[in-house]
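Contents: one structure, followed by commentary.
The values are calculated or read from the model by the stated rules, or taken from the named source; none is laboratory data. This one's a predicted model, so the numbers in the text were calculated from it and none came from an experiment. Counting neighbours? That spans all protein chains shown, and the Cβs are built from the backbone with ideal geometry, glycine included.
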Amino acid sequence: MQRLRTSGSTWLLLAPGVLLLVFAFLAPLYVIYQFSVGERMFAQTPALASLTGEATSFTTQMWSGFLGHDVQLKVLGGSFTLPLVAVGIALLGLLLLTVYGSKLVPRGGGVLAIVSALLLITPFLALPWGDSFPRLAELSSEGTDLRLFFKSVTMSMTASLIAVLIAFPVAYWLAFVAKRSKYVWLLIVITPFLTSYLLRVYAWRLILSSDGPVNSLLLSLGLISEPVPWLIDSQFAVVVVLAYAWVPFICLPIFIALENMDRRLLEAATDLGASRLMAFRRVTLPLAAPGLIAAFLFVFIPTIGEVITPGLVGGTNGYMFGSRIQGDFISSGSFDWQQGSVISLFLLAVVLVLTAATSRFLRNAGGEVS
Amino acid sequence: MSANSTVAVSRNGRRSLTTFFGLFLVALYLPTMLLMVFAFNDSTTQSWPPVGFTTHWFSDAANDSELLKSVVNSLKVGVVVAVAATVIGLCVSYPLARRKFWLRSPVSALMLSPLVVPPVVLGVAILMMIRKGPNIAIPLTGSNTEDLLGLTAVMVGHTVLALPFTILLLMPRIASIDRNLEEAAHDLGASGPVTFRRVMLPLITPAIFSAFLIAFVISIDEVVVASFVTEDEQTLPMFLYASLRFPDKTAVVLPVAFLLIVVSFALAILATVIRVRGDRRVTAS
């Protein structure tokens, strides 16, 4: 009797949240799905659109139009055309090996995981410098939307790596150098994240613009004779600003990983004759790895769909996948509902696959963050 | 303590890390400071260095009716979202933290899932639900679903976005409270609601405040979902985003930026202080 009452009130308490998410989150996603697999509607007028919206038959033509058949892989000057399916399977396989490699193979699994991770990120890594980013490998596609997606992944992955590389020493300082006041410093680091994202991004427009402080400093030093063209309205600007905007946030999971580390392990390593570098490489780094990976994903996942930063500092060069979605629905008067649905769902699918595959790291870090 | 940290960092390493941290802090705060300086720049364009000191952009901003309307809209949305996300978050967090029930982990995954969904997808989804989905509003209000577009739809979207954050603040706080306190109240004859009001609520008040503030801050800063689902209405971040993209319009916007930065800093600090004090209170009890 008591048990029954409890479970009744449980669902009564859950009802508002569940209803909200069903009607304002799951059902809308289902509507997008329906549109993405409906027959292509050429008429964009509301009357015809609502007609087709109700009575379309299932087709994957929108999806195959978006995905295409082949993908071009460029490695060190050579260019290869590969079937999309093969590339997709390879990327998923590498992702799984990265996450579960150390579990699947007892000895040497760690190395396997690291190699897979490197292979996975190489096609999406670029040196964020200059007009076009120098890169080792590159994935490209005939389809403009998919090509834009690869470009966005590259930009957001590069930004995530930069953010982690900056946040790690900061978190390290907080965990090992700062003494009693470490939580105050942590607060000082994180607080900017809670102020307006829009304005923090815009501030960089002022800094990087052709008559901004960076260019005027370089000009007055005589290092350049005219403003650097790729400082603003470029991929460079978007990557720098994305990294900047997310660094404060990810200092937290890295700090927590380092803070929760058992310090006696370091002493033990030193007692056993390990140098500081050795102890760092063999003890600190492996123990901090889940925190670092979580931090990477905490930047990567929200930035692939980024709209504001490319909009404010990206110009036409820094255009990203999220901006494309927004363009389908907002910029022009005629909405391309179906195209927009397909690319939104694709973005969602990628984010969900990444989150699911890496939830191990996210749970480790996220559980402690909260 | 100091012995431990010497093991981790050498004297030189410590010095260079501290230098790095110092430079990082400067780089972190400099852009925002620059933005605040430019709010007083006596020029319509923002080129370096600033040319003179003026406060007339502030009075210009105060007289811009479009801007003021967007501020009012944002405040309306922000307050509704903060109340809704906090109340719903509280309702959901209690069973998630305290009770075992069928479908517990799928429900909790569903509640937190908006965290990973790109706002641009959520915006598209809500827009399409209203414009192309089944007409569910008709039996409720006698009007068309499309009437929901505008501030109502923004409120709904922002509540979805803010809900995971309020849950992440409230759930651990509820879970950390000693069950014996509730059982004692129950044994002394208090009903469920009375126990909640007299025992639980006082202990989680700080968490409720910070959940409210976080939800408000999220809503007041959100532009992507809002720009999909408002028809003619504008929220403050939408107004900012639209103006910031045109160099000749930014001068009027910078005073707002100045105030927004100051206010959001104050709110962020307030939220943290309340939460930290709440932590102490719970650990003390």
Worksheet item: Being within 10 Å of chain B (Cβ to nearest Cβ), of a type outside the set (Asp, Glu), at negative phi and assigned to a helix (DSSP H, G or I), is that true of even one residue in region A:250-257?
Response: yes
Worksheet item: Mind checking which residues of region A:134-160 are of a type in the set (A, V, I, L, M, F, W, C) and buried (at least 20 other Cβ atoms within 10 Å of the Cβ)?
Response: A:Leu139, A:Leu146, A:Phe149, A:Val153, A:Met155, A:Met157, A:Ala159
Discussion item. For the condition within 24 Å of A:Gln326 (Cα to Cα) and in contact with a Phe, Trp or Tyr (Cβ under 8 Å, 6 or more places away or on another chain), what is the one hit in B:Val121, B:Val81?
Written reply: B:Val81
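Output the residue which, of all residues in region B:180-225 that are small (Gly, Ala, Ser) and under 16 Å from B:Arg275 (Cβ atoms), is modelled with the lowest pLDDT. Before you say what the answer is, go through the steps one by one.
Of all residues in region B:180-225, those small (Gly, Ala, Ser) come to B:184-185, B:189-192, B:207, B:210-211, B:215, B:219.
Remaining after also requiring under 16 Å from B:Arg275 (Cβ atoms): B:207, B:210-211, B:215.
Values: B:Ala207: 88, B:Ser210: 84, B:Ala211: 91, B:Ala215: 93.
Ranking the qualifying residues of region B:180-225, first place goes to B:Ser210.
Could you tell me whether region B:77-89 includes any residue that is free of Cβ contacts under 8 Å to residues at least 60 places away in the same chain and more than 10 Å from chain A (Cβ to nearest Cβ)? First the steps, then the outcome.
Restricting attention to region B:77-89, the residues satisfying the condition of being free of Cβ contacts under 8 Å to residues at least 60 places away in the same chain are B:87.
Narrowing the set further to residues that are more than 10 Å from chain A (Cβ to nearest Cβ) leaves none.
No - not one qualifying residue is present in region B:77-89.
Report yes if B:Thr195 is surrounded by fewer than 22 Cβ atoms within 10 Å (Cβ to Cβ) and under 22 Å from the mean Cα position of the chain (by Cα), otherwise no. Steps first, please.
Details: surrounded by fewer than 22 Cβ atoms within 10 Å (Cβ to Cβ): yes; under 22 Å from the mean Cα position of the chain (by Cα): no.
Criteria not met by B:Thr195.
Quick check: anything in region A:34-52 modelled with pLDDT under 80 and either touching a strand residue (DSSP E or B) at 6+ places or on another chain (Cβ under 6 Å) or of a type in the set (Asp, Glu) (or both)? Before you say what the answer is, go through the steps one by one.
Of region A:34-52, the ones modelled with pLDDT under 80 are A:38-52.
Right, trim to either touching a strand residue (DSSP E or B) at 6+ places or on another chain (Cβ under 6 Å) or of a type in the set (Asp, Glu) (or both) and you get A:39.
Yes, some residue in region A:34-52 is modelled with pLDDT under 80 and either touching a strand residue (DSSP E or B) at 6+ places or on another chain (Cβ under 6 Å) or of a type in the set (Asp, Glu) (or both).
Look through region A:180-211, keep the residues that are among the β-branched types (Val, Ile, Thr) and closer than 20 Å to B:Val224 by Cβ, and return whichever of them is surrounded by the fewest Cβ atoms within 10 Å (Cβ to Cβ). Let's see the steps before the verdict.
Filtering region A:180-211 down to residues among the β-branched types (Val, Ile, Thr) leaves A:184, A:188-191, A:195, A:201, A:207.
Checking which are closer than 20 Å to B:Val224 by Cβ leaves us with A:195, A:201.
Details: A:Thr195: 21, A:Val201: 25.
In this case the residue turns out to be A:Thr195.
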Fill in: Test for A:Gly327: is it surrounded by fewer than 22 Cβ atoms within 10 Å (Cβ to Cβ), of a type in the set (Gly, Ala, Ser) and under 23 Å from B:Ser243 (Cβ atoms)
yes
Practice prompt. Could you tell me which of the residues A:Phe236, A:Phe298 is within 13 Å of another protein chain (Cβ to nearest Cβ), part of a helix (DSSP H, G or I) and not charged (D, E, K, R)?
Written response: A:Phe298
Worksheet item: (1) over 18 Å from A:Ala289 (Cα atoms); (2) at pLDDT below 85; (3) away from every other protein chain (no Cβ under 14 Å); (4) in a helix (DSSP H, G or I): which one isn't true of A:Thr122, the others all being true?
Response: (2)
Worksheet item: Considering region B:27-55 alone, what residues qualify as being under 16 Å from A:Val214 (Cβ atoms) and more than 9 Å from chain A (Cβ to nearest Cβ)?
Response: B:Val37, B:Pro50
Worksheet entry | Near pairs, Cβ below 8 angstrom, 6+ apart or cross-chain, from region A:157-175 (closer than 11 Å to A:Leu258 by Cα) to any residue that is β-branched (Val, Ile, Thr) and outside any helix (DSSP H, G or I) | A:Tyr172/B:Val9
Worksheet, complete the sentence: Residue pairs qualifying under the 6 Å Cβ cut-off, at least six apart or on distinct chains, with the first in region A:345-367 being closer than 17 Å to A:Ala117 by Cβ and the second being at pLDDT 90 or above and exposed (fewer than 14 other Cβ atoms within 10 Å of the Cβ), are none
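Could you please let me know if A:Val164 is within 24 Å of A:Leu96 (Cα to Cα) and surrounded by fewer than 19 Cβ atoms within 10 Å (Cβ to Cβ)?
Numbers: within 24 Å of A:Leu96 (Cα to Cα): yes; surrounded by fewer than 19 Cβ atoms within 10 Å (Cβ to Cβ): no.
No; evaluated as a whole, the condition is false for this residue.
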Worksheet entry | First in region B:50-74 and closer than 18 Å to B:Leu151 by Cβ, second anywhere and of a type in the set (D, E, K, R), Cβ under 9 Å, 6 or more apart | B:Lys69/B:Glu233; B:Ser70/B:Glu233; B:Asn73/B:Glu233
Item to complete: Out of B:Ser227, B:Ser219, B:Ser210, B:Ser243, report the one residue that is crowded, with 19+ Cβ neighbours inside 10 Å, free of Cβ contacts under 8 Å to residues at least 12 places away in the same chain and assigned to a helix (DSSP H, G or I).
Response: B:Ser243
Fill in: Unmet requirement for B:Pro193, which otherwise passes all of (1) within 26 Å of A:Thr303 (Cα to Cα); (2) within 12 Å of chain A (Cβ to nearest Cβ)
(1)
Fill in: Residues of region B:252-274 that turn out to be among the β-branched types (Val, Ile, Thr) and within 14 Å of B:Ala62 (Cβ to Cβ), as a count
3
Practice prompt. Check region B:223-239 and report whether any residue there is closer than 24 Å to B:His56 by Cβ, out of contact with any His (no Cβ under 9 Å at 6 or more places or on another chain), of a type in the set (A, V, I, L, M, F, W, C) and more than 10 Å from every other protein chain (Cβ to nearest Cβ).
Written response: yes
Worksheet item: Does region B:154-174 contain at least one residue that is facing chain A (nearest Cβ under 10 Å), within 15 Å of A:Ala24 (Cα to Cα), under 20 Å from the mean Cα position of the chain (by Cα) and among the hydroxyl-bearing types (Ser, Thr, Tyr)?
Response: yes
Practice prompt. Identify, by number, the condition in (1) under 24 Å from A:Ala167 (Cβ atoms); (2) surrounded by 15 or more Cβ atoms within 10 Å (Cβ to Cβ); (3) modelled with pLDDT under 85 that B:Asn4 doesn't meet.
Written response: (2)
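Output the number of residues of region A:203-243 satisfying the condition of being among the polar types (S, T, N, Q) and modelled with pLDDT under 85.
Residues of region A:203-243 that are among the polar types (S, T, N, Q), as a first pass: A:209-210, A:215-216, A:220, A:225, A:234-235.
Then keep just the ones that are modelled with pLDDT under 85; that gives A:210, A:225.
Qualifying residue count, region A:203-243: 2.
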Worksheet item: Limited to region B:246-257, what total is found for residues that are within 11 Å of chain A (Cβ to nearest Cβ) and surrounded by 21 or more Cβ atoms within 10 Å (Cβ to Cβ)?
Response: 5
Worksheet, complete the sentence: Checked against (1) within 11 Å of chain B (Cβ to nearest Cβ); (2) touching a Phe, Trp or Tyr at 6+ places or on another chain (Cβ under 8 Å), A:Val283 satisfies every condition except (2)
Practice prompt. Kindly indicate whether any position in region A:287-305 is surrounded by fewer than 22 Cβ atoms within 10 Å (Cβ to Cβ), among the hydrophobic types (A, V, I, L, M, F, W, C), over 30 Å from A:Phe150 (Cα atoms) and at pLDDT below 90.
Written response: yes
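Could you say whether any residue in region B:92-101 is over 25 Å from A:Thr309 (Cβ atoms), over 25 Å from the mean Cα position of the chain (by Cα) and more than 8 Å from every other protein chain (Cβ to nearest Cβ)?
Initially, region B:92-101 is screened for residues over 25 Å from A:Thr309 (Cβ atoms), giving B:92-101.
So of that shortlist, the ones also over 25 Å from the mean Cα position of the chain (by Cα) come out as B:98-101.
Filter once more, so that each one left must be more than 8 Å from every other protein chain (Cβ to nearest Cβ): B:98, B:100.
Looking for residues that are over 25 Å from A:Thr309 (Cβ atoms), over 25 Å from the mean Cα position of the chain (by Cα) and more than 8 Å from every other protein chain (Cβ to nearest Cβ), one finds at least one in region B:92-101, hence yes.
Do you know which of the residues in region A:212-233 that are within 12 Å of chain B (Cβ to nearest Cβ) and either among the hydrophobic types (A, V, I, L, M, F, W, C) or not in a helix (DSSP H, G or I) (or both) is surrounded by the fewest Cβ atoms within 10 Å (Cβ to Cβ)?
Within region A:212-233, the first condition is being within 12 Å of chain B (Cβ to nearest Cβ), and the residues that meet it are A:212-220, A:227, A:232-233.
With either among the hydrophobic types (A, V, I, L, M, F, W, C) or not in a helix (DSSP H, G or I) (or both) added as a condition, the list becomes A:212, A:214, A:217-219, A:227, A:232-233.
Numbers: A:Gly212: 20, A:Val214: 18, A:Leu217: 12, A:Leu218: 16, A:Leu219: 15, A:Pro227: 17, A:Ile232: 24, A:Asp233: 21.
Among them, the one singled out is A:Leu217.
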Fill in: Subset tally (residues that are modelled with pLDDT under 70 and among the aliphatic types (A, V, I, L, M)) for region A:53-70
1
